[in-house]
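Colleague: Please see the structure below; I have some questions.
The values are calculated or read from the model by the stated rules, or taken from the named source; none is laboratory data. Predicted model, so just to flag it, every value in this text is computed and none were measured. We place every Cβ from the backbone using ideal geometry, glycine too, and count neighbours over all the protein chains shown.
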Amino acid sequence: MSALLKVEGLNTFYGASHILFGVGLEVRVGEVVVLLGRNGAGKTTTLKSIMGVIPFHSGSVRLRNDEIGGLSSDVICRHGLGYVPEDCRIFRGMSVRENLEVARRPARDGARTVWNEERVFALFPALEEMLSRRADALSGGQQRMLAIGRTLMGNPDLILLDEPSEGLAPIVVQQMVAQLKTLKASGLTVLLSEQNLKFSVELADRAYFLEKGEIRDQASVDELRTNPELRHRYLMV
């Protein structure tokens with residue numbers, strides 16, 4: 001199966017500091033791929049570089065064989081890539097309904113799934129019960145649901161999820177796992193960054209291991225479950 005997203009030779013700097021060193025990865029249609037690594041490994045920088053949130057110095061980012069590297073984030077979004085940052089970046093002074101509506105975008109021709117409010121509410125029923133509530137009045141888990149729902153309203157072909165389990169209570173993490181499994185079953189392609197191994201193995205098909213800004217290894221989810229040396233080397237678990 002050909003890659004929906006293909007990243008090659010990505011080098012990113014923050015000022016004079018070299019953060020990503022030739023990062024390369026690919027995500028095929030319908031896959032959930034996880035980028036694993038400790039804090040500071042470069043996971044968030046990788047997603048931001050792909051999405052155009054921060055510029056990269058050299059490399060290539062291709063979506064459906066179209067080069068999107070170097071484009072602005074809004075243009076990349078129109079190409080079919082969605083992004084859910086770790087801090088959610090919801091519009092706090094707006095209601096849940098307004099947050100969803102502002103992101104509405106028609107589905108691309110041939111889209112496998114068309115997302116609208118009804119489908120988002122089916123995935124996250126709690127959001128429907130608080131449509132008129134201001135986003136800044138939501139709990140952390142509810143804000144994460146809203147951020148994902150808002151991204152889905154843009155009808156992306158692939159979404160980038162940055163640390164979706166970070167800061168959530170264990171029971172909320174389990175709810176998020178169930179909801180993301182439903183999202184996976186819908187056929188949406190996902191690249192997520194995580195350091196929560198248990199969360200990752202329940203969702204992912206494959207994993208890339210990032211350390212000090214470099215891809216050091218990759219593995220299937222079965223290898224991730226059964227190879228303690230691999231887990232210890234990159235995650236210390």
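Colleague: Out of (1) surrounded by fewer than 20 Cβ atoms within 10 Å (Cβ to Cβ); (2) of a type in the set (D, E, K, R); (3) within 14 Å of the chain's Cα centre (by Cα), the odd one out for E118 is which?
Modeller: (3) is the only condition that E118 fails.
Colleague: Separate question: Could you please find all residues in region 111-129 being farther than 26 Å from L81 by Cβ and either in a helix (DSSP H, G or I) or at pLDDT 95 or above (or both)?
Modeller: Answer for region 111-129, where residues must be farther than 26 Å from L81 by Cβ and either in a helix (DSSP H, G or I) or at pLDDT 95 or above (or both): P125, A126, E128.
Colleague: Please specify each residue of region 54-69 satisfying the condition of being at positive phi and part of a strand (DSSP E or B).
Modeller: Scanning region 54-69 gives a single hit, G59.
To keep it simple, each residue is scored yes or no on (1) closer than 18 Å to P156 by Cα; (2) modelled with pLDDT of 95 or more; (3) in contact with a helix residue (DSSP H, G or I) (Cβ under 9 Å, 6 or more places away or on another chain); (4) of a type in the set (A, V, I, L, M).
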| site | (1), (2), (3), (4) |
| --- | --- |
| A3 | yes, no, no, yes |
| G52 | yes, yes, yes, no |
| G93 | no, no, yes, no |
| D109 | yes, no, no, no |
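Colleague: Quick check on region 153-171: of everything there that is aliphatic (A, V, I, L, M) and out of contact with any helix residue (DSSP H, G or I) (no Cβ under 6 Å at 6 or more places or on another chain), which residue is surrounded by the fewest Cβ atoms within 10 Å (Cβ to Cβ)?
Modeller: I171
Colleague: Further, regarding this structure: For region 130-148, how many residues meet the condition of being hydrophobic (A, V, I, L, M, F, W, C), surrounded by fewer than 20 Cβ atoms within 10 Å (Cβ to Cβ) and assigned to a helix (DSSP H, G or I)?
Modeller: Qualifying residue count for the region: 1.
Colleague: Out of the residues in region 199-224 meeting the condition of being loosely packed, with under 14 Cβ neighbours inside 10 Å and either among the hydroxyl-bearing types (S, T, Y) or part of a helix (DSSP H, G or I) (or both), tell me which one is nearest to the chain's Cα centre (by Cα).
Modeller: Going through the qualifying residues, I end up with S220.
Colleague: Say we look at region 1-53 and pick out the residues that are hydroxyl-bearing (S, T, Y) and in a strand (DSSP E or B); which of these is nearest to G213 (Cα to Cα)?
Modeller: Ranking the qualifying residues of region 1-53, first place goes to T12.
Colleague: What residue, of D205, D217, is farther than 20 Å from M51 by Cβ and in contact (Cβ under 8 Å) with a residue 40 or more places away in the chain? Let's see the steps before the verdict.
Modeller: Details: D217 fails: in contact (Cβ under 8 Å) with a residue 40 or more places away in the chain.
Of D205, D217, the one residue that is farther than 20 Å from M51 by Cβ and in contact (Cβ under 8 Å) with a residue 40 or more places away in the chain is D205.
Colleague: Here's a follow-up. So for region 127-141 (the condition being within 19 Å of the chain's Cα centre (by Cα) and over 26 Å from G40 (Cα atoms)), does at least one residue qualify?
Modeller: Within region 127-141, not a single residue is within 19 Å of the chain's Cα centre (by Cα) and over 26 Å from G40 (Cα atoms).
Colleague: Going through V96, V102 one at a time, which residue ends up being touching a residue at least 24 places away in the same chain (Cβ under 8 Å) and surrounded by 15 or more Cβ atoms within 10 Å (Cβ to Cβ)?
Modeller: Only one candidate passes the filter, namely V96.
Colleague: Another one. Scan region 184-194 and give yes if some residue there is assigned to a helix (DSSP H, G or I) and within 18 Å of R144 (Cα to Cα), otherwise no. Give the steps one after another, and end with the answer.
Modeller: So in region 184-194, the residues assigned to a helix (DSSP H, G or I) come out as 184-185.
In the following step, the residues that additionally are within 18 Å of R144 (Cα to Cα) were identified as 184.
Looking through region 184-194, at least one residue is assigned to a helix (DSSP H, G or I) and within 18 Å of R144 (Cα to Cα).
Colleague: Follow-up. Here is a list of conditions, (1) surrounded by fewer than 21 Cβ atoms within 10 Å (Cβ to Cβ); (2) of a type outside the set (K, R); (3) in a loop (DSSP other than H, G, I, E, B); (4) under 18 Å from the mean Cα position of the chain (by Cα), and D74 meets all of them except one; can you say which number that is?
Modeller: (3)
Colleague: Is region 8-22 home to any residue that is closer than 24 Å to G154 by Cα, surrounded by 15 or more Cβ atoms within 10 Å (Cβ to Cβ) and either out of contact with any helix residue (DSSP H, G or I) (no Cβ under 9 Å at 6 or more places or on another chain) or not acidic (D, E) (or both)?
Modeller: Looking through region 8-22, none of the residues is closer than 24 Å to G154 by Cα, surrounded by 15 or more Cβ atoms within 10 Å (Cβ to Cβ) and either out of contact with any helix residue (DSSP H, G or I) (no Cβ under 9 Å at 6 or more places or on another chain) or not acidic (D, E) (or both).
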